[in-house]
Structure formats: structure tokens, C-alpha cells
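To keep things clear, I will list the structure first and then write my remarks on it.
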Amino acid sequence: MRLMIVDDASFMRVAIRRMIETKEYEVVCEAEDGQQAIEKFQKYRPDIITMDITMPNLSGIEALKEIKKLSSTVKVIMVSAMGQEALIREAVMHGANSFIVKPFKEDKLIEVLESLKS
Amino acid sequence: MNEDMNGLLEDQEEDTQKGKFLTFSLGEESYGIDIMYVTEIIGIQPITVVPELPDFVKGIINLRGKIIAVMDARLKFNKAPKEYNDRTCIIVIDIAQLSIGIIVDAVAEVINISDDNIVPPPNLNSGGRKYIKSVGKSENSVILILDCEKLLDEQEIDELKSSND
Amino acid sequence: MNNSYIDEPMLEAYVYETSQIIETLEQLMIQSEKVGNFSADAINEIFRFMHTIKGSSAMMMFNEISTLAHKIEDIFYVIRENQGVKYDFSTLVDCILESVDYYKIELIKIRNGETPDGDTASLTDKVNDYLEMLKEDNGLKKTKKEKETKSEKDQKYYIRPSKKEDPAKYYKAKIMFKKDCEMENIRAYTVIHNIVDLVEEVLYKPSDIIDNDQSIDDIRANGFLMAIRSTSSEEDIRKYLEKTVFLESLDFGEAEEDWYKEFEVIYQDQEIHDDIKIPETSKKYIENQKVKKEKEDIKQEVTATTTQSIISVNVDKLDMLMDMVGELVIAEAMVSQNPEVVRLEIESFEKASRQLHKISSELQDMVMAIRMVALSTTFMKMHRIVRDMTRKLSKDVVLDVYGEETEVDKNIIEKIADPLMHIIRNAIDHGIEDGEDRVAKGKSKQGSIILEAKNSGSDVLIIIKDDGKGLDKQKIYEKAYNQGLIYQSIEDLNDKDIYRLILHPGFSMKEQVTEFSGRGVGMDVVAKNIESIGGSVIVDSVLGKGTTIILKIPLTLAIIEGMNIKVGESRFTIPIVSVKESFRPGSREIIRDPDGREMIMVRGLCYPIVKLYEYYGLRTDVKDYENGILIMVEEDDRSCCLLADELLGQQQVVVKSLPNYIKRYKQVKGLGGCTLLGDGSISLILDVGEFELSNVLDK
């Protein structure tokens, strides 16, 4: 499975990468904001995207909408924090396949990823 | 020969290092250093003298770009100095991020000494004896096991300094 | 930490990123404070900063840090979402700066592998109170309640109104989510949202999952119940439901129509279609983002390309890289200057080695350039110092900064922040007078401190200039004399010598210790710190007008131009900046003072001589002035002549520090470090300032 990590916090990118890298998932690219996410999605065509919501330039939800227009098969996992319920609802409405709430550990992330297979 | 010794060191995997000692000789006596401290063994090489240091600190050497201090084990243990020859070796040890080379007459081998063959040292607090942590028995020889921490201990340094003054 | 997934790179990334955010945040506060309000951009940025810290810290299990960030995030959420909201600006700035300080301390602990255990209780309370006040003052609490009561009315959703033909079957399902999966209501919503294609209609309980976050508790306790009417096969629906993320258990099966109707009755309908209502706040949020997006379209292009082209590198790796380049340069010299090869005089070899030399020196320059960091971050920190000091001391002082783009080596920058801080504190505390005094003296009420950096040859000058009361020469002299620091009469000393006394250990002008400066730490520590990086401190002052302190700092510690000399078997390297000239004394006149110290006359001036072989107890055959060579060295206008056997030549050398073992053992006087020469041998670098220099006397 080819994966793209979208987060403006470099720490979160490192964290997610390290949680999944040894598994069967391959991180093909990372993006720092929504705009970059769209550009990189077109270039690398990942199967799964982990998408932060609060980002500069273009929010995760806006990026999600654009990306979902570009591909119907890509799976998007929203990475959110407590207090962002409303935003996640909106993301789900716009096609987010799942979401995960910070803080999370490796096992939770893997479980979400596994559930999106097939 | 030195290459052989380093090869020998590399064979020691991390978890099998326990109970292994590198032995070397100073005159008639055999000493041992816990292998976990030893990073490499090199032949004697040009030493740059640093002024105003005690005799046993011979100076500094260039270890592939890294500058480390070297001490003469004989002088440190208050033994008569001996001219260096092609058997003379520098054992490079690494303790608490401090690297130092120890000049010894010759390096012998890496041996196993089990815990029950290690006994406390005789209570003689003189000369090199105070750097002996314990005494190990191996087949038909007695190995004096060095206390590396003490060898580089700052307090030790201060004591020496005041006794020299 | 028993979390297997938190490892070194993550910790490093966390500390690095959080420190950067905190630093930027601090600067943002100081800047905003100057303007007296938060710009819309600033509010957005602070919100995002706190959001990031909250998330990252929670991931790292630093809960206190995360909670505090969450609270501040909440405050800025309120401010951002409610335009024109009234808030107490200066209290908020204080709160955040206090939090910044707290974060700084905790980050140091984390960096050192300790647990961040700082007590946030009072700080969190403060922030919390602020948030409550903010909501209350702006009547925001009420609206929230309104929303809650309203949401209770929304009871049921059904999707895809029933078709005419209805061979549909009825199913019931109960989903239990795994513990700790968080936001169960949204997870339930996800299930409903995506089941649309499979079903004709779906009813569920609790029904208020969209608007009421309290429904989480219901789902946790009783599970999420669904009544489904569908034409899809039982198997398809089951498969779909089984794929639910964090599914703990699923009860699924066919149900009676009656049961379904009952379920329907219980949850009175109220039609809402596919486009589910977005709660007010998030709608605004999205609009906000849109506006911002348009506004920043141009800016965005720029940042997208610039941020991508910058990576952060561990300084240790840079140190290693520099060491290796240093070795490369040495190895290059060993190859190209190999006497046996040189003797062959092969033209192609010479050409190739010239090329190699060019590349390796360019490489060296590049590595040096990589290590250079602008002083701006360090300078920016001073704004905070000035802010805190002026507040506490009720003084009015403005700090002006110039030349903050000047770059110096990374290692050096770390060593100048503390001295700089101390000097500026001193200036505000002891230098600049109270407003009234200033006015009485005909100065402007507001004091001024100018902080400036500029390049000057291979040095960087950092100038700290205040317009305070200046230094009193007479007082300094008396103090120093009484403390036994000097014996000369005041007439024998020039101004610079007298001002230099304030750098002397143990010298303190102020009896009274104030909170900021004083505390037994004086200018001598400043001088020592600056000298430890090969710099020097110059003090100048005009009584009543102000004081200027100049820190002269080398651009880099790593590479110096050096003069190599030989004494017996030993080699030494003298930094070329310290060398004035070298000459064979020959039969020139050597003077001996009553103590037997030797001096030499050069152009009418008298210089003391240090015989290196004697000074360091080295064996050499060259002991007389006939065969040896004298090198005149100078530092801060003080000089002496060093006697060596011979000069070996001038070259750039990579400075390495002496092994810790030796440094710990003894700080050998006059030795500043060591370096490797072309043949792999070691040369000791002389620190000229540590020799017994003297002010050269006219005779």
C-alpha cells in the first residue's frame, strides 16, 4: 500500500512515518499543507492518505474535497484532535473514509489502515 | 597482528560480550580489560607531546582524524618505563564518551572468565593496585582486571595532581 | 517512557519543531505587544501553533503540555470565530509569555531525557479563568446552551425516501465500538453516511449523533442501534458493517416489520436530507479558510517552493561533515605534495591535483557556509529581555536592532546569547536612568539601546550601545584600587584600561543586587564566555552620555588561518590574526630586567620575550637568538615575542579541541586546541591571549 502523509507539523509526519514504515505500507510522499497535498497526490497517486485538518494555505477538508474529485478510489484518513468533531463530520460528508483522533498509538493507526484494505 | 586482534574484537557480538576480557601484559603481569570498553587496538605510533602534563600522559595521537589522549600503563602504575617496540600496542577504550589510548607492552588474547572465577583484589592500595577491580582466574594464569572508570576518574586525577604538587 | 513507538527520531523531531514554534510564538507576542493588538493573521497563526503543540504533545504523552496548549487554542478559537470579540490584550500576552517560559523549561527537560514534570496547575487555572471570562464577557456561553437545546429537537434522519416498489427486508444492527476509539458519535455517523448505497432507509439510536457530543456516552454504554430497510442482501449489509473501523462487536440480523415500525414511531421523523447541516462554527471556519486562501494565493506559491527546499540537519552531523572535509583537505595535501610524486614533475598530475585542490577548498567553503546562522534569532530574544526588564523596573527603554542578518558559525551563536542578555540587562538596570532623571539631564524620557552586528574582516562585531549614565572612570578606578586589582596610579592608565577593569573577576560596581543583573555574576563572566570562543570585549563610555560594549567574535571556530612553527620535535600553530611579524633577532639588543626577564627592542618599542622551549619544557637544539626566530604576537593591543626554532609556513587549519581527558586534567596555559597538519601529525594551536603579554612600553 502506498501512502501519503499530509500534516503541517513535521513531528506528526515523522511520528506517522515511523509507526507504519516497517509494515507493508510504503510512504511515497509527504505534504505540508493542503495545496501541496493536491499537487503531490497528482504526482504520486498514493492509495491511502493521512490528512491533518488544521493546516495553513489550504485546510485538510478542502484538500480532501479536491482529491476526492481527482480519484474515487483513494482512501483518506482524517487525522484530528479532540474538539474537532464538527470538522470530521464535514470531512466524512465529503468522502473521508475514516478518521483517527490524536493522540493515537501505532496499533490504532494500523487498525484504521487495515480496515480500508480491499 | 593488530589486524588480527581487531578482527577478534569484531567477532564479539554485543550480547556475548559479557564475561569477556581483553588481556595484555606489562612485564610479567597479565591484565584484563572488560571488552565492552575496548573500541580498537592499534600499534604504537607517533605521539604529540602536550606540555605540562604528568609523565604517564604521553600526549595525543591522531586516530583517523580523531584526536585522543594516550597514557602509558607502566607509568600510570608506577612501573619502570620500557622502550616501545613492535609488540607495543595502544588499546583504545571508550568510557562515558571519553576516549583514551592505553599503551601496553603487548596484547595477548580475548578470554572468557566466568563470574565464579572472579574474586575481589587483595587489599593493597598502592601503585597500580588501586586500579584493579578484581582478579580473574583463567586456566593456569591470574588476570588482574582493570577498573576502567577508576583509571579515568576525575577524583583520581585530582588526588594525583595534589600529590604531585 | 514505555511507549514503544516513541523513539529518538520522533523525540528529536518533537523537540525541534516545538522549540521553533515557541520561539516564533514569543517573537509574535513581542511584535504584537508593540502594536497593541493581534492581527487576524497573528490570531490564526497562534491558533495553529497551539493546535500543533497540543497534538504533538499528546502523541508524546506529555499531557500537561498538551492540556495547556489546548486551553490557549480554545481562547484563540473564540477570538477567531467571533469577530469583534472583546478581550484583555495585555493579560493574554502575559499568559502566553508565561506559557512560553513554561514550555521552554519543559523542552529543556525533554531534550535532556528527563520527564517534563513542571507544575502547570496555576498557569492552566489562569488560562482557564481567562477563557471563562472571555466567554462570559462576550455572552458566548448562552449561545452554546441554545445550540444544545436546539439539537435535542433533531431526532431522526432517514436517507433515500422509500421507493414505490418495496420488496425490502428489515434488519436490526447493534454496533459496539472498541474502547478508546474516541468520537464514537462521528464513527457512528461515518457508518450511516456510507451505508446509503446499500439501504432504502436507516433509522438509528441515539439519533442526535450529529449535533450532540453527549451521544458518545450513550453509544459507549448501550451501543449504536440501527434499524435498516433494504433491498440489498443480508450478506452485503453484514459485510459492510463488519468493516467498520474499531468494531468491537456487531449484532446483526433480520427483523420484523413491526419492530421496525415501532423503532420508527419512537423516533419521530423529521426529514433531513443528504446534505447534513454543518454546525455554525465550522461553516465559518471554512469560509475563513477560503478567504484566507484567496488572500494568500500569491504568498502560498512562494512558501510552497521555499519550505520544500529547506531541510533541518542535526548539528552533530554537520560537525562530523566538517571533520571529514578537514581530513579530506589533509589527505589531499598528503597526496599532491608527496615528495616522491612531486619529484617526477608530471604535468598532468599537477593539473589534476590543482583541480582537486580547487574542489576541496570549495567544498570546505561550502561546509562552512552551511554552518553559518544569522544572528536574528538571538537578537530577537533580546526584545523579550527588554520587555520584561522595563516592566519590572518601570523604565521606558526601546531596543533597536541592526544587522541581525549577519551570520556566524552555529557553535558560536550558542555561546553569545547569555553574554548578550547579561549586557542588555546591565544596561537597563544600571545604565539607563529613570525617566525623571533623564528628563532632568536633558535627555529624552525614553532610553535607547542599540544592538548592532556587522562584519569586520574575519570577525563579527556585536555592538551594544546605550544612552544611559555611562561609566564613571574615577569610581571604577577607586573601586579596583581598593579591591587590590591594580596598583598603578590613575594617570598611568588610559581610558580603555580603566574600563577594562569592569571585566575583571571579582569586580562589581553595584552593592545592591537587583533581581535581574547582579546575583554575583558580573561582566567578568561575559568576558570569559566571549574569550572562550576566541573573541574579546571592548568597553567604551562617555560619562553622562552612555556606554558602548563591543563584542569581537570570530566568524567561525572551525577553520583558522595559521602560522605553523617548530620547537624541537613539537609543532605549534599560531592564528595568523595574532601574528604581527616574524624576524631573526640576530644580534639585536636583548634587554634583561632586574628579574632576569628578557625583552627586545623593535623600532624603539620594548617587547617581552617568551621562549617556547623554556615555557613548555621542550627539548631543542635551538636555544639562542642567533639561530632561532622571533614571532611578534598581539592581542588587544598587548604584545610579546615568541621564540621558536623555525617557521614551517602558513596554512588554513581545522581547529580541533584537545581531548576531554586532557582538558579535564589541566587547562594548559596558552594552548587553545590542536590541528592536523598535511603529514597527519598534530600541531598544537597557541592561544596568544594566555601568554604574558604586556602593553608595549615606549622607551
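The table below lists the values:
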quantity	calculated
Pick from the stretch C:165-182, criterion in a strand (DSSP E or B) and within 14 Å of chain A (Cβ to nearest Cβ), ranking: farthest from the chain's Cα centre (by Cα)	C:Ile175
Some residue of the stretch C:655-670 being modelled with pLDDT of 90 or more and in a strand (DSSP E or B)	no
Residue satisfying condition, being touching a strand residue (DSSP E or B) at 6+ places or on another chain (Cβ under 7 Å) and either more than 14 Å from chain C (Cβ to nearest Cβ) or closer than 25 Å to B:Val135 by Cβ (or both), within set B:Ile60, B:Ile47, B:Ile67, B:Ile41	B:Ile41
Where a residue in the stretch C:330-341 is farther than 19 Å from B:Arg64 by Cα and its partner, wherever it lies, is exposed (fewer than 13 other Cβ atoms within 10 Å of the Cβ) and at pLDDT 80 or above, with Cβ under 6 Å and at least six apart	none
Some residue of the stretch C:51-71 being of a type in the set (D, E, K, R), crowded, with 16+ Cβ neighbours inside 10 Å and touching a Phe, Trp or Tyr at 6+ places or on another chain (Cβ under 8 Å)	no
Strands (runs of 3 or more DSSP E) wholly inside the stretch B:26-134 that include at least 2 residues being farther than 30 Å from C:Gly673 by Cα and among the small types (Gly, Ala, Ser)	B:29-34, B:106-112
Filtered residue count, the stretch C:40-50, keeping only those that are within 7 Å of chain A (Cβ to nearest Cβ) and either under 17 Å from C:Gly118 (Cβ atoms) or surrounded by 19 or more Cβ atoms within 10 Å (Cβ to Cβ) (or both)	0
Hey, C:Glu106 buried (at least 18 other Cβ atoms within 10 Å of the Cβ), without any contact (Cβ under 8 Å) to a residue 60 or more places away in the chain, charged (D, E, K, R) and within 25 Å of C:Asp388 (Cβ to Cβ) or not	yes
Selection status of C:Val335, away from chain B (no Cβ under 14 Å), more than 23 Å from C:Glu12 (Cα to Cα) and in a strand (DSSP E or B)	no
Selection count where residues are surrounded by fewer than 18 Cβ atoms within 10 Å (Cβ to Cβ) and closer than 24 Å to C:Asp637 by Cα, scope the stretch C:583-594	8
Some residue of the stretch A:35-53 being closer than 26 Å to C:Ile195 by Cα and surrounded by fewer than 20 Cβ atoms within 10 Å (Cβ to Cβ)	yes
Those residues of the stretch C:455-506 which are under 24 Å from C:Ile385 (Cα atoms) and small (Gly, Ala, Ser), in sequence order	C:Gly468, C:Gly470
Selection within the stretch C:166-181 - under 24 Å from A:His94 (Cα atoms) and surrounded by fewer than 22 Cβ atoms within 10 Å (Cβ to Cβ)	C:Cys181
Among (1) away from every other protein chain (no Cβ under 13 Å); (2) out of contact with any helix residue (DSSP H, G or I) (no Cβ under 7 Å at 6 or more places or on another chain) - the single one C:Met29 does not satisfy	(2)
Hey, C:Leu356 modelled with pLDDT of 80 or more, out of contact with any strand residue (DSSP E or B) (no Cβ under 9 Å at 6 or more places or on another chain) and either within 13 Å of another protein chain (Cβ to nearest Cβ) or under 30 Å from C:Ile464 (Cα atoms) (or both) or not	no
Enumeration of residues in the stretch C:416-429 that are farther than 14 Å from C:Ala374 by Cβ and surrounded by 17 or more Cβ atoms within 10 Å (Cβ to Cβ)	C:Pro419, C:Leu420, C:Met421, C:His422, C:Ile423, C:Ile424, C:Arg425, C:Asn426, C:Ala427, C:Ile428, C:Asp429
Matching residues in the stretch C:671-699 - criterion: being assigned to a loop (DSSP other than H, G, I, E, B) and within 29 Å of C:Asp365 (Cα to Cα)	C:Leu677, C:Gly678, C:Asp679, C:Gly680, C:Ser681, C:Asp687
Any hit, the stretch A:104-115, residues being touching a strand residue (DSSP E or B) at 6+ places or on another chain (Cβ under 7 Å), at the interface with another protein chain (Cβ under 7 Å from one of its Cβ atoms) and either free of Cβ contacts under 8 Å to residues at least 12 places away in the same chain or closer than 17 Å to C:Thr190 by Cα (or both)	yes
Lone unmet requirement of (1) within 19 Å of C:Glu531 (Cα to Cα); (2) touching a residue at least 24 places away in the same chain (Cβ under 8 Å); (3) facing another protein chain (nearest Cβ under 10 Å); (4) touching a helix residue (DSSP H, G or I) at 6+ places or on another chain (Cβ under 7 Å) for C:Glu635	(3)
Residue within the stretch C:372-391 that is within 14 Å of another protein chain (Cβ to nearest Cβ), touching a residue at least 12 places away in the same chain (Cβ under 8 Å) and not aliphatic (A, V, I, L, M) present	no
Top-ranked residue in the stretch C:183-227 [being among the small types (Gly, Ala, Ser) and in a loop (DSSP other than H, G, I, E, B); ranked as farthest from A:Leu87 (Cα to Cα)]	C:Gly223
Residue in the stretch B:106-118 that is touching a helix residue (DSSP H, G or I) at 6+ places or on another chain (Cβ under 7 Å) and under 30 Å from C:Ile330 (Cα atoms) present	no
Selection count, the stretch B:77-87, where residues are surrounded by 17 or more Cβ atoms within 10 Å (Cβ to Cβ) and either at pLDDT 90 or above or more than 27 Å from B:Glu29 (Cβ to Cβ) (or both)	1
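Residue-by-condition table, conditions (1) over 16 Å from A:Gly95 (Cα atoms); (2) in contact (Cβ under 8 Å) with a residue 40 or more places away in the chain; (3) within 12 Å of chain A (Cβ to nearest Cβ):
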residue	(1), (2), (3)
C:Tyr189	no, no, yes
C:Val202	yes, yes, no
C:Asp211	yes, yes, yes
C:Phe224	yes, yes, no
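Let's see how each residue does on (1) at pLDDT 80 or above; (2) not hydrophobic (A, V, I, L, M, F, W, C); (3) not assigned by TED's automatic domain parsing to the domain that holds C:Gln27:
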{"position": "C:Leu328", "(1), (2), (3)": "yes, no, yes"}
{"position": "C:Met334", "(1), (2), (3)": "no, no, yes"}
{"position": "C:Glu362", "(1), (2), (3)": "yes, yes, yes"}
{"position": "C:Lys381", "(1), (2), (3)": "yes, yes, yes"}
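The rows are residues; the columns are (1) of a type in the set (Phe, Trp, Tyr); (2) touching a Pro at 6+ places or on another chain (Cβ under 9 Å); (3) under 23 Å from B:Val57 (Cβ atoms); (4) within 12 Å of another protein chain (Cβ to nearest Cβ).
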residue: C:Cys640; (1), (2), (3), (4): no, yes, no, no
residue: C:Gln652; (1), (2), (3), (4): no, no, no, no
residue: C:Leu658; (1), (2), (3), (4): no, no, yes, yes
residue: C:Lys663; (1), (2), (3), (4): no, no, yes, yes
residue: C:Leu671; (1), (2), (3), (4): no, yes, yes, yes
residue: C:Ser681; (1), (2), (3), (4): no, yes, yes, yes
residue: C:Leu686; (1), (2), (3), (4): no, yes, yes, yes
residue: C:Leu693; (1), (2), (3), (4): no, yes, no, no
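The values are calculated or read from the model by the stated rules, or taken from the named source; none is laboratory data. Fair warning: this is a prediction, and the values are worked out from it, not measured in the lab. Please note: Cβ atoms are built from the backbone with ideal geometry, for glycine as well, and neighbour counts cover all protein chains shown.
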